[in-house]
Every structure is written in structure tokens, then in C-alpha cells.
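The values are calculated or read from the model by the stated rules, or taken from the named source; none is laboratory data. Remember, it's a predicted structure, so these values are computed and weren't measured experimentally. Neighbour counts are summed over all protein chains in view; Cβ atoms, including those assigned to glycine, are modelled from backbone coordinates with ideal geometry.
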Amino acid sequence: MNVYDTANQLATEIKKSEEYVKYKEAKKMLESNSELKLKIDEFEKMRYEIQVLAMQGKEVEQEKNKKLQDMYTILIENKEIKEYFDLEVKFNVMLADVNKIIAESVKDVL
């Protein structure tokens, strides 16, 4: 088996994982509710803007960070949104763990 076949097999296994399946279901449920989707989209847009500023080495206004935190606090009062965020974290942790395993295996050439 070559590395590409293995990567495709890994992708297949990720799609079978509990983290992926549950996250995908939660995302689909939120997308079917236009009001919740709009709130999530607004939050994710602001989160992305802050991440871009931070990656560019620019200072993020404290007010903007507070607004994002306040939005998050309000959003997680909704059970479906809180579950979505929790599942998103679990899925991203799994992906980060897989990436770490791969990176560790080739660290001698990086």
C-alpha cells in the first residue's frame, strides 16, 4: 500500500469516526434552522477575523475580544449550539491528534 492509499484509508476512517458523524449531524441540524445558522455564521465570521489579525501579528482590540466572548456566552445558552460547539472541539482535537502523530513520525526531516 502506498502513502496515498493510506491517506485515503485514513480519510475514510475519519468519516466513520464518532467525532465526525456526530459533528456532521449537529452541523446539519443547525444549518436547517436559519435563525441558529445566522447566529453561528456571525460568530464564526468574527472569530475568523480575530484569528487573521492575530496570525498577522496585529493587536486585537480588547473590545473585539470581549464582544466575541459575550457572543459565545449568549450562544451556548442554546442547547443545540452548545452541543455543536462541543462536538466541533472534539472533532478538531481528533484531527489535531492525527496531525501530531504524522508530524512526529517525520520530525527528523522537518
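Does residue 87 qualify as being touching a helix residue (DSSP H, G or I) at 6+ places or on another chain (Cβ under 6 Å), modelled with pLDDT of 95 or more, closer than 25 Å to residue 15 by Cβ and surrounded by 14 or more Cβ atoms within 10 Å (Cβ to Cβ)?
yes
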Original post:
Can you tell which of 34, 17, 105 is touching a residue at least 40 places away in the same chain (Cβ under 8 Å) and of a type in the set (Ser, Thr, Tyr)?
Top reply: 17
Subject >> Matching residues in segment 1-38 - criterion: being hydroxyl-bearing (Ser, Thr, Tyr) and in a helix (DSSP H, G or I) >> reply: 4, 6, 12, 20, 23, 34
Original post:
Could you say whether any residue in segment 43-53 is among the aromatic types (Phe, Trp, Tyr) and without any contact (Cβ under 8 Å) to a residue 40 or more places away in the chain?
Top reply: yes
Subject >> Those residues of segment 57-81 which are assigned to a helix (DSSP H, G or I), among the aliphatic types (A, V, I, L, M) and closer than 20 Å to residue 22 by Cβ, in sequence order >> reply: 75, 81
